[in-house]
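No lab work stands behind these numbers, since they all come straight from the coordinates. None of the values given here were measured: they were computed from a predicted structure. Backbone-built Cβ (ideal geometry, glycine too); neighbour counts: all protein chains shown.
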Amino acid sequence: MNVMFLGVPSSGKGTQAEFVRKKYKLAHLSIGELLRKKIDDPNDPEGQSIREKINKGILVDNDLIMRIIETFISNLSSDEGILFDGFPRSVEQAILLDKLFEKLNKKLDCVINMELDDRVVMERINGRRLCPNCGKSYHIKFNPSKIKDTCDDCGSKLVIREDDNEESVKGRLKTYYSQTHPLINYYKEQGKLIGIDATQDIESIAKNIDDILGGIQ
Ligand SMILES: [Zn+2]
């Protein structure tokens, strides 16, 4: 079974993807990780040029990304499923991925979209607090500390993460809508998209997803 997760920041996508990966023993295809692996390999002739591109903020071209993904998939055993994480990022990449699946005689079974409206995203992210000393995280509404702005475990004063401010969150949402949102329509047209209400608690969402995937297997 090959599964993909889509969803806005703070939708709980990462947590659910991890549950699914473990339960269905899927190979985790993270393009970020695969690129880092190449960069860290001194014997990889492409590693250096990838590093330079990333350092300059240039996108790694799709040809190279598709070759890396093809190698990854070809190295899996034939019955091993894949969990796609952070890829594709555009419709162009989704089309290339469909072509690759066709070439390898495989298919994408379903795309799970964690649905959350912007108002909820803002509320979730704006309320986050972090202990700078021990790293414990809180939320002023959903998971508050016992004493206001103070860490339960070590008593340090809680802080707001630098990129959790309203401007930054708006920026992240804007990037999401321009790049990832068109994918939702792309997979909807293919009949592969399954929407999940991400305002539910973690267990309910996990059960929801599990019911759907259990039906596919
Ligand atoms: Zn602490």
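Could you pull out which residues in the stretch 165-186 have an amide N less than 20 Å from a spot 7 Å beyond the Cα of K106, following the Cα-Cβ vector?
none
Are there trypsin sites (Lys or Arg not before Pro) in the stretch 38-78 that DSSP puts in a loop and that have at most 14 other Cβ atoms within 10 Å, and which ones?
Passing sites in the stretch 38-78 are K56.
How far, in degrees from 0 to 90, does helix 31-40 lean away from the longest principal axis of the Cα atoms of the chain, to the nearest 10?
That works out to roughly 80 degrees.
Which order do Y177, Y24 fall in if you start with the one that has the fewest other Cβ atoms within 10 Å?
Taking fewest neighbouring Cβ atoms as first place, the list is Y177, Y24.
In the stretch 101-157, which chymotrypsin sites (Phe, Trp or Tyr not before Pro) fall in coil by DSSP and have 16 or fewer other Cβ atoms within 10 Å?
Loop-located and lightly packed - F142.
Using DSSP, restrict attention to beta bridges with both residues in the chain and report what percent are antiparallel, rounded to the nearest 5.
25 percent
Calculate for the chain the 222 nm mean residue ellipticity that helices alone would give, adding -39,500 (n - 2.57) per DSSP H run of length 4 or more and normalising by residue count, nearest 500 deg cm²/dmol.
-14000 deg cm²/dmol
Under a 5 Å amide H to amide H cut-off, with H placed in plane at 1.01 Å, what residues pair with K136 once short-range neighbours are removed?
Hits under the 5 Å cutoff: C131.
Please list, ordered by chain and number, the residues whose modelled amide H lies under 5 Å from the amide H of E80; skip anything fewer than 5 residues away on the same chain.
Under 5 Å from the amide H of E80: no residue qualifies.
Got a sec to turn the phi values of the stretch 85-96 into Karplus ³J(HN,Hα) couplings, 6.51 cos²θ - 1.76 cosθ + 1.60 with θ = phi - 60°, whole Hz, x for Gly and Pro?
Those phi angles translate into 10, x, 8, x, 9, 8, 5, 4, 5, 5, 5, 4 Hz.
Under 5 Å between amide H atoms, partner at least 5 residues away or on a different chain: which partners does L6 have, H built in plane at 1.01 Å?
Close amide H contacts, sequence-distant or interchain: I112, N113, M114.
May I ask you to evaluate 6.51 cos²θ - 1.76 cosθ + 1.60, the Karplus curve with θ = phi - 60°, for each residue of the stretch 53-70 and list the ³J(HN,Hα) values in order in whole Hz, giving x for glycine and proline?
After applying 6.51 cos²θ - 1.76 cosθ + 1.60, I find 4, 5, 4, 8, x, 8, 5, 6, 5, 4, 4, 5, 4, 5, 5, 4, 5, 4 Hz.
Apply the Karplus parameterisation 6.51 cos²θ - 1.76 cosθ + 1.60, with θ equal to phi minus 60°, to every residue of the stretch 79-84 and state each ³J(HN,Hα) to the nearest whole Hz, in sequence, with x for glycine and proline.
Each residue's phi maps through the Karplus curve to give 9, 7, x, 10, 10, 8 Hz.
In what order do I82, I212 fall by count of nearby beta-carbon atoms within 10 Å, going from fewest to most?
I212, I82
Quick check: the distance between the Cα centres of the stretch 1-80 and the stretch 161-217, to the nearest angstrom?
18 Å
Compute the Rg to Rh ratio over the chain from the alpha carbon atoms, using the Kirkwood formula for Rh, and round to two decimal places.
Reported Rg/Rh, Kirkwood definition of Rh: 1.00.
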